[in-house]
Amino acid sequence: MPLYFQENINLHTRLGIWKITEPESYFLKNVVPIKVIHHPEKRIQHLAANFLLTQLFPNFPQASIQMSASNKPYIYSSHYFFSLAHTSGFAAALISTQSNSGVDLERISPKPNQLSNKFLNPNEITLIKSNQINQQPDTAFTLAWCAKEAVYKCWGKGAISLKNNIEITHSSLHQISCNLAVENQQFSLNVHTMILEKLCLAWVLDDTNIFKHT
């Protein structure tokens, strides 16, 4: 299956989504698994996301990927900064040659709305309910979840809480602004969001290099 979605964000950054229709054997011919996954559906999503890296950047050294202690994939001494995501039937990848990155992809569902108090504080819930997509609360809360996951991945060092360390300060259909409070510092990040049929996509770049890459 060709790319479901692709965007060249700037001269240094590419984003893509792959719709998974191929068997696992197809991806195993083209990529090296970087971790053991026993669940068949999760495993093929993982392989598809890694395959997508080489579709966005043909020279991407996929076989050199390692996993950090915080479970973030990276390549030692590489100029590629990348993030992966997947959901049922789809995989996403964001690659930059200049900036640390974070991407998340989720199918729109009632679950983030139902569990909103687990990852949002009361002020954030009020903000999201009052924004322009409140007519579709499942979409609004799924986007909020994606945005926080993207920031978490961009940070890349783990040991933070989506609810306590990442706060949404502005929410609209195409952008969610977040404050990340960590290591006695506070960072402001603008997360780009998009709806693609029944999918929510969120991505963020550390354009000012405020985070040190693992």
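The values are calculated or read from the model by the stated rules, or taken from the named source; none is laboratory data. In this text, all values refer to a predicted model and were calculated from it rather than measured experimentally. Neighbour counts are summed over all protein chains in view; Cβ atoms, including those assigned to glycine, are modelled from backbone coordinates with ideal geometry.
Given the conditions (1) closer than 22 Å to L205 by Cα; (2) more than 15 Å from the chain's Cα centre (by Cα), report the number of the one that E22 does not fulfil.
E22 satisfies every listed condition except (1).
Please specify each residue of segment 113-124 satisfying the condition of being surrounded by fewer than 18 Cβ atoms within 10 Å (Cβ to Cβ) and under 22 Å from the mean Cα position of the chain (by Cα). Steps first, please.
Applying the first criterion (surrounded by fewer than 18 Cβ atoms within 10 Å (Cβ to Cβ)) to segment 113-124 yields 114-115, 117-118, 121-123.
Matches in segment 113-124: Q114, L115, N117, K118, N121.
Examine segment 130-142 for a residue that is touching a strand residue (DSSP E or B) at 6+ places or on another chain (Cβ under 6 Å) and under 24 Å from L199 (Cβ atoms), and state whether such a residue exists.
Yes, segment 130-142 has at least one match.
Consider only pairs whose beta carbons are under 7 Å apart and that are at least six residues apart or on different chains; among these, list those whose first residue lies in segment 28-45 and is within 24 Å of F57 (Cβ to Cβ) and whose second residue is of a type in the set (F, W, Y) and surrounded by 13 or more Cβ atoms within 10 Å (Cβ to Cβ).
Close Cβ pairs (under 7 Å, with a partner that is of a type in the set (F, W, Y) and surrounded by 13 or more Cβ atoms within 10 Å (Cβ to Cβ)) amount to N30/F51; V31/F51; I44/F27.
From S130, S116, S70, which residue is among the polar types (S, T, N, Q) and not assigned by TED's automatic domain parsing to the domain that holds L196?
Unique residue meeting the criteria: S70.
When you go through A48, A92 one by one, which is the residue that is more than 22 Å from L189 (Cβ to Cβ), touching a His at 6+ places or on another chain (Cβ under 9 Å) and buried (at least 21 other Cβ atoms within 10 Å of the Cβ)? Even if it seems obvious, please write down each step before you answer.
Working: A92 fails: more than 22 Å from L189 (Cβ to Cβ).
That would be A48, the only listed residue that is more than 22 Å from L189 (Cβ to Cβ), touching a His at 6+ places or on another chain (Cβ under 9 Å) and buried (at least 21 other Cβ atoms within 10 Å of the Cβ).
For segment 1-45, which positions are closer than 14 Å to F90 by Cα and part of a strand (DSSP E or B)?
If the condition is that a residue be closer than 14 Å to F90 by Cα and part of a strand (DSSP E or B), then L3, Y4, F5, Q6, L15, G16, I17, W18, K19 are the ones that fit.
Among the residues of segment 130-173, how many are of a type in the set (K, R) and either surrounded by fewer than 19 Cβ atoms within 10 Å (Cβ to Cβ) or farther than 17 Å from D104 by Cα (or both)? Quick ask: steps written out before the conclusion?
So in segment 130-173, the residues of a type in the set (K, R) come out as 148, 153, 157, 163.
Remaining after also requiring either surrounded by fewer than 19 Cβ atoms within 10 Å (Cβ to Cβ) or farther than 17 Å from D104 by Cα (or both): 157, 163.
The number of residues fulfilling the criteria is 2.
What are the residues in segment 56-77 that are part of a loop (DSSP other than H, G, I, E, B) and either surrounded by 12 or more Cβ atoms within 10 Å (Cβ to Cβ) or on the phi > 0 side of the Ramachandran plot (or both), if any? Talk me through it step by step, then tell me what you get.
Residues of segment 56-77 that are part of a loop (DSSP other than H, G, I, E, B), as a first pass: 57-61, 65, 68-72, 75-77.
Listed by number, the residues that qualify are F57, F60, P61, I65, S68, S70, N71, K72, I75, S77.
Identify all residues within segment 80-118 that are closer than 18 Å to K198 by Cα, among the charged types (D, E, K, R) and without any contact (Cβ under 8 Å) to a residue 60 or more places away in the chain; write none if there are none.
K111 - this is the single residue of segment 80-118 that is closer than 18 Å to K198 by Cα, among the charged types (D, E, K, R) and without any contact (Cβ under 8 Å) to a residue 60 or more places away in the chain.
Tell me, which residue of segment 182-207 that is within 14 Å of the chain's Cα centre (by Cα), closer than 16 Å to T169 by Cα and free of Cβ contacts under 8 Å to residues at least 24 places away in the same chain is surrounded by the fewest Cβ atoms within 10 Å (Cβ to Cβ)?
In this case the residue turns out to be N190.
Quick check on my filter: what residues within segment 181-196 are farther than 20 Å from E106 by Cβ and either touching a strand residue (DSSP E or B) at 6+ places or on another chain (Cβ under 9 Å) or hydrophobic (A, V, I, L, M, F, W, C) (or both)? Break it down into steps so the answer makes sense when it comes.
So the first thing to find is which residues in segment 181-196 are farther than 20 Å from E106 by Cβ, and the list is 181-188.
Matches in segment 181-196: A181, V182, Q186, F187, S188.
For T139, only one of the following conditions fails: (1) more than 19 Å from the chain's Cα centre (by Cα); (2) under 27 Å from A49 (Cα atoms). What is its number?
(1)
Counting only residues that are among the small types (G, A, S), give me the helices (runs of 4 or more DSSP H) lying completely in segment 78-184 with at least 1 of them.
Working: elements: 111-114, 116-119, 122-129, 137-155.
So the answer is 116-119, 137-155.
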